[in-house]
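The values are calculated or read from the model by the stated rules, or taken from the named source; none is laboratory data. What you are looking at is a predicted structure, and each value in this text was computed from that prediction instead of being measured. Neighbour counts run over all protein chains shown; Cβ positions are idealised from the backbone, glycine included.
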């Protein structure tokens, strides 16, 4: 059993650290008057959990899953799939004594503009039957017409206090002991991502019921691909082709996106054995390429350009 | 199901278009052989890995395989191979050792090849190795310890016959001319031919002439290589631009990523040929890649805003790659097509087809996240699976077993 599911909040009260958002949504659900919602914010702060709670509360006593369609935009290959599935679902009336169906579209910022425009029509046309909950990491990647049709909620990264509460709740329940220093370490390594924290915690619990700071760093470093560093070292030595080959493998093996890689490169530059001038140049290049990656379209090509610059 | 799997030969006599007798006799008369290993080299899709698998099965040998999805540094090689070579006789069963893609030992596999070349000498079991390319510097340590054996491209007629058989079994409508062109386009790569056949006929069980004609990109390869020579060896900007305009393949790939953010759908685009070959041709790759990177920003703008006029800047930036070379590289360089396409890089298939994806998919559904996110969390699941029950997530026994066995800590 994965703790991320076991301890996923089941009620509004369970959701930590987003009090103001929860309060407003709760009022909407109580009136059974929920507009389209747009949740934005970093990973692991409760967007999906809140959407699921909304469905549970709205459809209390009914089979709540019947009236909920959950889709993940980054997994659905073509826009057509999304269009058809969503349309088919939205076209028919909700089952049971409930006002409307709910469509939860996760990671909707990975939809193309085209797809978003298609979505916007569907949102309009089927408002009577279905309401949308969209979630995304970056609200800026969602087109204006969708913004204007939604109530927008910006989720904040969780505070240390919230994380402490959550961790101590789990540890009490599971009969494990988490040292204070370990909680600090969890907070440090997770960037406020509760989902990751729970995964790390459960991994540690397998190793030892007494969770120490060391155990946490051990698990975290095991889960982080070390190969990115090797790729960089290879590039600095001037071996472009093998650095590139290696990078391709790492990205596929660990399912990393270009942005994941560049974030890690940026963190590694400080540790590399290069002179100061080179280091400055590398940092500048890293920023420039991250910018082009967001503006451009082929993440792997941009990373190659970065490696080529490091080879210099 | 992939036809390359479905129609994989299961016995030596079913292997077509390749002379495998020497390999068989080597394995059978192993004790009398001078060299302890054979390095089978040749282009992709000619049956190199296949022969090892089939032989092992047919002779009832246990196949011990080390491929490019494993870590292959010195330590790993010694721990896997070293043990195998010594322990084997204890249990009495015979083994066949396969070291796949020896030309793909990466820089991370430090000392791996060296270790292989030393272990070979003591081996009590036949070793088969495969490689596309044997002229690489790093492989020189194998020179005196292995026998080289070349696998030739599969003859056109054999490919044709094989495809024909598949068509009959799958009840696919075709005419012989189209099937012959399809076989020719594969250029001796039987696997590519089968994949093409499956892709083209998957929807309506019919091989259409128009579809085959669309596929003749491989046919255009000469044209592309001529253009690459112009860009890499001259500075004739105007001529290069004209040539690019006349090119029969797209400048940039306008498909979406099909696997991860790395592999896109249309492998035959000028951009991929450039990116693959710049480092083979230029010393100052930085400036050339900077141009590629700027061109990609325009590609992003084209995709987002559908403003196709930007394509001229992509063309012009690509042409400018000809201007940034310091000195003309007079060596005759062999050009490659992109390694980012699974068709050209078998290693990719093994990375993407693995169990990992099945596991990520199931966990993703169970825990309301995308398969991509689940993929990055697999190391955690691997540890967790050793202490907790994973049954309710819907994983199969063997998937759980796979998770548990993954070495993380």
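Yes/no per residue for (1) within 18 Å of residue A:17 (Cβ to Cβ); (2) more than 8 Å from chain B (Cβ to nearest Cβ):
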| residue | (1), (2) |
| --- | --- |
| A:170 | yes, yes |
| A:182 | no, yes |
| A:213 | no, yes |
| A:217 | no, yes |
| A:251 | no, no |
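Would you check which residues across the stretch B:285-308 are more than 7 Å from chain A (Cβ to nearest Cβ) and either under 17 Å from residue B:228 (Cα atoms) or outside any loop (DSSP other than H, G, I, E, B) (or both) and list them?
Quick first cut of the stretch B:285-308, residues more than 7 Å from chain A (Cβ to nearest Cβ) only: B:287-288, B:291, B:294-295, B:298, B:301-302, B:305-308.
Of everything in the stretch B:285-308, those that are more than 7 Å from chain A (Cβ to nearest Cβ) and either under 17 Å from residue B:228 (Cα atoms) or outside any loop (DSSP other than H, G, I, E, B) (or both) turn out to be B:287, B:288, B:291, B:294, B:295, B:298, B:301, B:302, B:305, B:308.
So how many residues does the stretch A:37-52 have that are in contact with a strand residue (DSSP E or B) (Cβ under 7 Å, 6 or more places away or on another chain) and either more than 15 Å from residue A:12 (Cβ to Cβ) or without any contact (Cβ under 8 Å) to a residue 12 or more places away in the chain (or both)?
3
Here are some conditions: (1) over 30 Å from residue B:101 (Cβ atoms); (2) out of contact with any strand residue (DSSP E or B) (no Cβ under 8 Å at 6 or more places or on another chain). Residue A:310 meets all but one. Which one does it not meet?
The single condition residue A:310 does not satisfy is (1).
Counting only residues that are surrounded by 13 or more Cβ atoms within 10 Å (Cβ to Cβ) and touching a strand residue (DSSP E or B) at 6+ places or on another chain (Cβ under 9 Å), which one in the stretch A:164-176 is nearest to residue A:212 (Cα to Cα)?
Filtering first and then ranking leaves A:176.
Among the candidates B:32, B:8, B:22, B:16, which residue alone is in contact with a strand residue (DSSP E or B) (Cβ under 7 Å, 6 or more places away or on another chain) and surrounded by fewer than 18 Cβ atoms within 10 Å (Cβ to Cβ)? Outline the logic, then answer.
Details: B:32 fails: in contact with a strand residue (DSSP E or B) (Cβ under 7 Å, 6 or more places away or on another chain); B:8 fails: in contact with a strand residue (DSSP E or B) (Cβ under 7 Å, 6 or more places away or on another chain); B:16 fails: in contact with a strand residue (DSSP E or B) (Cβ under 7 Å, 6 or more places away or on another chain).
Only one candidate passes the filter, namely B:22.
Among (1) assigned to a helix (DSSP H, G or I); (2) within 10 Å of another protein chain (Cβ to nearest Cβ); (3) closer than 30 Å to residue B:284 by Cβ, where does residue A:281 come up short?
(2)
Test residue A:231 against the criterion of being facing another protein chain (nearest Cβ under 9 Å), surrounded by fewer than 21 Cβ atoms within 10 Å (Cβ to Cβ) and part of a helix (DSSP H, G or I), and give yes or no.
Details: facing another protein chain (nearest Cβ under 9 Å): yes; surrounded by fewer than 21 Cβ atoms within 10 Å (Cβ to Cβ): no; part of a helix (DSSP H, G or I): yes.
No.
Please list, ordered by first then second residue, the pairs with beta carbon atoms under 6 Å, 6 or more apart or interchain, first in the stretch A:4-19 and within 14 Å of chain B (Cβ to nearest Cβ), second at pLDDT 90 or above and surrounded by 15 or more Cβ atoms within 10 Å (Cβ to Cβ).
A:4/A:195; A:4/A:198; A:7/A:170; A:8/A:49; A:9/A:15; A:9/A:49
If you take the residues of the stretch B:255-266 that are assigned to a loop (DSSP other than H, G, I, E, B) and surrounded by 15 or more Cβ atoms within 10 Å (Cβ to Cβ), which of them is modelled with the highest pLDDT? Break it down stepwise before answering.
We begin by selecting, within the stretch B:255-266, every residue assigned to a loop (DSSP other than H, G, I, E, B); these are B:255-256, B:260-262, B:265-266.
Subset that is surrounded by 15 or more Cβ atoms within 10 Å (Cβ to Cβ): B:260-262, B:266.
Values: B:260: 71, B:261: 79, B:262: 85, B:266: 81.
The extreme case among them is B:262.
Any idea which of A:255, A:238 is modelled with pLDDT under 90 and either buried (at least 21 other Cβ atoms within 10 Å of the Cβ) or facing chain B (nearest Cβ under 10 Å) (or both)? Walk me through it before giving the result.
On the way: A:238 fails: modelled with pLDDT under 90.
The match here is A:255.
Residue A:256 passes all but one of (1) outside the structural domain of residue A:172 (by TED's automatic domain parsing); (2) part of a helix (DSSP H, G or I); which number fails?
The one condition residue A:256 does not meet is (2).
Residue A:39 is checked against (1) surrounded by 16 or more Cβ atoms within 10 Å (Cβ to Cβ); (2) part of a loop (DSSP other than H, G, I, E, B) and fails just one. What number does that condition carry?
Condition (2) is where residue A:39 drops out.
What number goes with the only condition from (1) assigned to a loop (DSSP other than H, G, I, E, B); (2) away from every other protein chain (no Cβ under 14 Å); (3) surrounded by fewer than 15 Cβ atoms within 10 Å (Cβ to Cβ) that residue A:34 does not pass?
Status for residue A:34: all satisfied but (3).
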